[in-house]
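The values are calculated or read from the model by the stated rules, or taken from the named source; none is laboratory data. Model, not experiment: these values are computed from the prediction. Note: ideal-geometry Cβ built from the backbone for every residue, glycine included; neighbour counts use all protein chains shown.
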Amino acid sequence: MTLYTTPPVDSLVVCLDEMGPESAKSFPGRRVVAADPSGARRPRATQELDYGRRGSGYVFGAFVPATGAALTVPYRRRTTANVVAFLDQIEAWLDPTAKRIYAVLDNLSAHRAADVLLWALAHPRWEFVFQPKYAAYLNLIEPWWKTLRSLALKGRRFEIWDDICGAVEAATGYWNAHRHPFVWGPRTRHRSARPPGIPYLPLVA
């Protein structure tokens, strides 16, 4: 948590994860899909059955909480080779002036593979910070995945995997154009101010 609240000087914290597997299918939304033609029943936002056997894959993501910047790249499989390829893209995407990069990620076997650790040795400014088991909330890309799903997938039907790739790319571009930092800590709820004046006295029976 200290990395989020008080990161070291000239350092950068980036959260890494993979979303998926995602299938080309219909994703539930608020639009009414199946309504009663007789009008006897009140319409409900139901969704047609769609098992999505039209291609699938993973969305690799990198998220910088301090700025809200995000990078997504789709891959068919979650392999060590794809993890290394994605790290290369992140290295080219991040600020080259940052002297230290702390990468927050989970304990997936592909993240701890020999090729990935060798990649880290070849890039000395990188340091992997593995989150404890059952502590996904410590990775701030997790709440951002919910935002991405809402922007790219919610309420839409995809015929092939490439359609999902295009939707995710467009949604990531939209997010980066309207991004905002993610602040670690409890969510604050906006409450309306109390009107000035003397409060009402309780009623007495």
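Can you confirm whether W126 is within 26 Å of V9 (Cα to Cα), among the aromatic types (F, W, Y), at pLDDT 95 or above and surrounded by 15 or more Cβ atoms within 10 Å (Cβ to Cβ)? Give the derivation first.
Working: within 26 Å of V9 (Cα to Cα): yes; among the aromatic types (F, W, Y): yes; at pLDDT 95 or above: yes; surrounded by 15 or more Cβ atoms within 10 Å (Cβ to Cβ): yes.
Yes.
Is it the case that region 62-77 has a residue that's on the phi > 0 side of the Ramachandran plot and at pLDDT 95 or above?
yes
Does L87 qualify as being modelled with pLDDT of 95 or more and surrounded by fewer than 15 Cβ atoms within 10 Å (Cβ to Cβ)?
For L87, the condition - modelled with pLDDT of 95 or more and surrounded by fewer than 15 Cβ atoms within 10 Å (Cβ to Cβ) - is not met.
Can you name the residue in region 131-153 that is farther than 17 Å from F60 by Cα and surrounded by 15 or more Cβ atoms within 10 Å (Cβ to Cβ) and, of all such residues, is farthest from the chain's Cα centre (by Cα)?
Among residues in region 131-153 that are farther than 17 Å from F60 by Cα and surrounded by 15 or more Cβ atoms within 10 Å (Cβ to Cβ), the one farthest from the chain's Cα centre (by Cα) is Q131.
Modelled with pLDDT of 95 or more, in a loop (DSSP other than H, G, I, E, B) and either farther than 17 Å from L71 by Cβ or over 15 Å from the mean Cα position of the chain (by Cα) (or both), is that true of A120?
no
Output the qualifying pairs, or none if there are none: Cβ atoms under 8 angstrom, residues six or more apart or on different chains, first residue in region 153-176 and on the phi > 0 side of the Ramachandran plot, second residue outside any helix (DSSP H, G or I) and surrounded by fewer than 18 Cβ atoms within 10 Å (Cβ to Cβ).
The qualifying pairs are G155/P28; G155/G29; G155/R30; G155/R31.
Between residues in region 10-24 that are of a type in the set (S, T, Y) and residues that are in a strand (DSSP E or B), which pairs lie under 8 Å by C-beta distance while being six or more apart or on different chains?
S11/R100; S11/I101; S11/Y102; S23/S56
Examine region 122-140 for a residue that is under 22 Å from P21 (Cβ atoms) and of a type in the set (K, R), and state whether such a residue exists.
Looking through region 122-140, at least one residue is under 22 Å from P21 (Cβ atoms) and of a type in the set (K, R).
Quick one: in region 130-158, of everything that is aromatic (F, W, Y) and outside any loop (DSSP other than H, G, I, E, B), which residue is modelled with the lowest pLDDT?
Selected residue: Y137.
Test of understanding: among L105, L94, which residue is touching a Phe, Trp or Tyr at 6+ places or on another chain (Cβ under 8 Å) and either surrounded by 12 or more Cβ atoms within 10 Å (Cβ to Cβ) or under 19 Å from L71 (Cα atoms) (or both)?
L105
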